[in-house]
Amino acid sequence: MIDVVVADDHPVVRAGLRAVIDGQPDMRVVHETSTAEELLRWLDGPGRADVVLLDLRFGDTRMGGAEATGSIVRRHATPVLVVTTYGTDADILAAVEAGATGYLLKDAPTEELARAIRSAAAGEVALGAGVQRRLLGRVRAPGETLSARELEVLRLVAAGRSNDAVARELFVSVATVKSHLAHINTKLGTQSRTEAAAAARERGML
């Protein structure tokens, strides 16, 4: 029996995931929570699971899914399967780099979710079809894609941060930020930070 923990801040989503999981003959939900912080407290205590199903964003709480993934992998070596509505390059890369075993979008078919949980429990990579297409596109056209740090810079720029503010938040120099922006403009074929942010949104990067 595969023991699964569900972490999502929407009760309806948790109920839906529980219904799918408990409906499978070889898996069950052993705990559910609405915050990443509570999830970590449970795992740090008596909690044990074979797979953690984790959303990427939890409302106004401090810890997001990517950060929680890193902590879970470091402290417990439990496979983390991200199940979220966020399918941009930045979100996928953040989760994968944090150590997520798999990544699915919430509109994935029930059968795909069940397969992904079994794969994660077996230590195998479990990526949804849509996520695989995005990652494959990055491999096929590396010159047109942005690195994780470039995406991080562009996300802050798109949120209205100045170069100085981006530098302070990422603990780098303003010159480094400008260098990243120059590379971003070259890759996206844009002429300014505003154009770059707009182009990235159009292409689903942000």
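Some points to look at:
- Scanning region 78-90 for residues that are outside any loop (DSSP other than H, G, I, E, B) and farther than 24 Å from Leu43 by Cα turns up Asp89, Ala90.
- Residue within region 9-20 that is at pLDDT below 95 and outside any helix (DSSP H, G or I) present: yes
- First in region 29-48 and under 19 Å from Val13 (Cβ atoms), second anywhere and open to solvent by less than 30 Å² (accessible area, probe 1.4 Å) and assigned to a helix (DSSP H, G or I), Cβ under 6 Å, 6 or more apart: Val29/Ile21; Thr33/Leu39; Ala36/Ala68
- Single unsatisfied condition, Val20 versus (1) open to solvent by 40 Å² or more (accessible area, probe 1.4 Å); (2) farther than 30 Å from Arg201 by Cβ: (1)
Condition check ((1) surrounded by 15 or more Cβ atoms within 10 Å (Cβ to Cβ); (2) aliphatic (A, V, I, L, M)) across all residues:
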residue	(1), (2)
Val13	yes, yes
Leu39	yes, yes
Leu43	yes, yes
Pro46	no, no
Thr78	yes, no
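- Residue list for region 48-73, filter: over 18 Å from the mean Cα position of the chain (by Cα) and either assigned to a strand (DSSP E or B) or crowded, with 20+ Cβ neighbours inside 10 Å (or both): Ala49
- Residue match in region 106-123 (condition: under 18 Å from Glu32 (Cα atoms) and among the charged types (D, E, K, R)): yes
The values are calculated or read from the model by the stated rules, or taken from the named source; none is laboratory data. Bear in mind that the values here come from a model prediction, so they are computed numbers and not experimental data. Methodologically, a virtual Cβ is constructed for each residue, glycine included, from the backbone with ideal geometry; neighbour enumeration extends over all protein chains shown. Ligands, DNA and RNA are excluded from the accessible area calculation, which covers all protein heavy atoms including side chains. Shrake-Rupley method; radii C 1.70, N 1.55, O 1.52, S 1.80 Å.
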